[in-house]
Amino acid sequence: MSKQEFLAQLHKELYGLPQDDIEERLIFYSEMIEDRIEEGLSEEEAVSAVGSVDEIVAQVVANIPFAKIAKERINPKRRLKAWEIVLLALGSPIWLSLGIAAVAVILSFYASLWSVIISLWAVFGSLTGCLLGGMLAGIAFACNGNVLTGVAMIGAGFVCAGLSVFMFYGCRAATKGVLMLTKKLAVWTKNCFIKKEEA
């Protein structure tokens with residue numbers, strides 16, 4: 001693929017983003033290709049060394065703040081006609097309440113997801129506390145002459161120690177999963193605002 005074909009495809013795929021970001025990315029990748037050509041690569045090798053257009057577009061969308069994309073999308077490209085304004089005003093009790101309900105459902109789902117993660121970490125903290133409490137209580141019972149109870153308490157502390165190790169790795173994996181899901185949802189939401197339009 002030539003440099004011009006690459007830049008044309010990149011421009012087409014970035015359509016819908018703020019214009020200044022598109023121009024900035026096109027200039028950046030044009031200069032990157034030129035630098036690689038100056039290093040001795042052919043034009044096709046320099047273009048392939050930059051990466052695929054899809055990867056670049058995904059990275060650009062992930063790095064642009066959602067507010068900037070929404071502002072670009074919400075700002076009308078033309079002035080609204082009087083009848084469009086009237087329809088928006090008359091339909092606002094319906095579309096506004098549905099929009100608020102949709103946002104509330106999404107936020108409550110997200111909050112409940114994080115409450116599960118917080119609960120898992122709380123269980124990990126409880127198991128760690130039981131480990132310390134079991135060890136201290138076992139030593140105290142053993143020192144007071146109640147050796148069997150002390151051994152049982154120390155054994156329970158070791159069980160809690162094993163469970164807390166498993167719980168820690170589970171909590172860490174669940175937290176990473178929710179963070180990854182959050183990132184993917186953010187990119188998906190941004191992509192909803194960057195719907196491709198026929199030029």
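Observations
- Based on every Cα atom in region 125-199, Rg and the maximum pairwise Cα distance Dmax equal 24.0, 86 Å.
- Calculated [222 nm] ellipticity per residue, helices only, for the chain: -30000 deg cm²/dmol; basis is -39500 (n - 2.57) per DSSP H run with n ≥ 4, divided by all residues, nearest 500.
- Ile37/Ala186 FRET efficiency (R0 35 Å; Cβ-Cβ; nearest 0.05): 0.50
- Inter-part distance, region 93-116 to region 17-34, computed on C-alpha centroids, equals 36 Å.
- For the chain: span of alpha carbons on each principal axis (Å, largest first): 86, 63, 18
- Along its three principal directions, the equivalent ellipsoid of region 3-74 from the Cα gyration tensor extends over semi-axes of 26, 10, 10 Å, largest first.
- Extension gain for the segment Ala8 to Ser52, taken as residue separation times 0.36 nm less the Cα-Cα distance, is 14.5 nm to one decimal.
- Viscosity 0.890 mPa s, temperature 25 °C, Stokes-Einstein D of region 114-162 from Kirkwood C-alpha radius, µm²/s: 219
- The simple spin-label model puts a point 7 Å past each Cα toward its Cβ; for Val116 and Ala161 those points are separated by 3.2 nm.
- Linear extension gain, Trp83 paired with Arg172, 0.36 nm per residue minus alpha-carbon span: 26.6 nm
None of the figures in this text is laboratory data; all of them are computed from the coordinates on show. As the structure is a computational prediction, the values presented were derived from the model and not from experiment. Quick reminder, even Gly has a Cβ in these numbers, built from the backbone with ideal geometry, and neighbours come from all protein chains shown.
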